[in-house]
Amino acid sequence: MKAHILIIDDDPASLEFMRYMLANAGHDIAAAIDGAAGLRAARERRPDLIVSDAELPEISGSELAKVLKMDQKMRDIPLVAVTANAMPTDREKLLGDGFDGYLAKPLVPESVVSQIEAFLPGAGTGKPAAAAEPARSNKERFFAEMAAGFAEKLPGNLERLRCLAAAGDLGGLKKTAHKVLGSCLFLKDKRLIEGLRRLEKLAEAGDEGRIETALREVEEAALVSNFG
């Protein structure tokens with residue numbers, strides 16, 4: 001069943017990944033890069049489903065969820081969070097803020113479409129429509145381009161993480177680690193993913209004593225990560 005799905009994510013790689021996978025499954029996709037733009041898009045054309053990053057600029061994911069659930073015209077639209085925070089307390093907070101469910105980053109190409117479609121109204125009733133599978137050559141080219149873009153930006157991102165840590169800017173460190181983590185959609189080597197997740201959580205907790213070790217682990221993992 002074709003659905004109109006709104007994706008809200010400030011990370012270009014995450015946004016393009018979900019747009020590509022869902023469009024190839026036959027859905028009509030709208031996209032927004034921050035919470036304010038996402039709210040406008042939802043009001044302009046009521047989508048069947050909204051998939052939003054949990055951490056957004058302008059209007060946070062939590063604020064967006066609360067506004068949508070207070071709006072009589074949009075409160076029934078399923079709202080799904082995409083988050084790199086996988087702790088039970090994080091999940092409970094998302095649901096408490098108004099999200100109807102969540103997906104954990106990094107998203108897995110083989111299952112992301114079915115995971116998102118499960119939240120569509122009427123999912124699980126009737127015979128599911130056959131999803132269009134991207135041609136193998138096109139899919140491989142798409143992920144190769146994403147991998148190349150990630151690898152190109154990684155040295156600059158690592159330098160930014162290092163500078164933020166040196167300046168003691170834990171808020172900036174958390175946001176940057178989260179953004180880089182969101183771009184690790186296609187990596188086969190999980191060491192970098194886990195390192196970035198650890199760095200983000202330490203910055204969030206203000207655990208300055210262990211940030212240097214975590215940052216070195218991320219830098220070392222980046223040297224050997226498989227971007228293909």
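All of the numbers you see were taken from the coordinates with simple rules; none came from a lab. The shown structure was predicted, so the numbers you read here are calculated from the model rather than taken from an experiment. Note that each Cβ is placed from the backbone with ideal geometry, even for glycine, and that neighbours are counted across all protein chains shown.
M18 falls short on exactly one of the conditions (1) free of Cβ contacts under 8 Å to residues at least 24 places away in the same chain; (2) under 11 Å from the mean Cα position of the chain (by Cα), and that condition is (1).
The number of residues in region 46-104 being touching a residue at least 60 places away in the same chain (Cβ under 8 Å) and not aliphatic (A, V, I, L, M) comes to 4.
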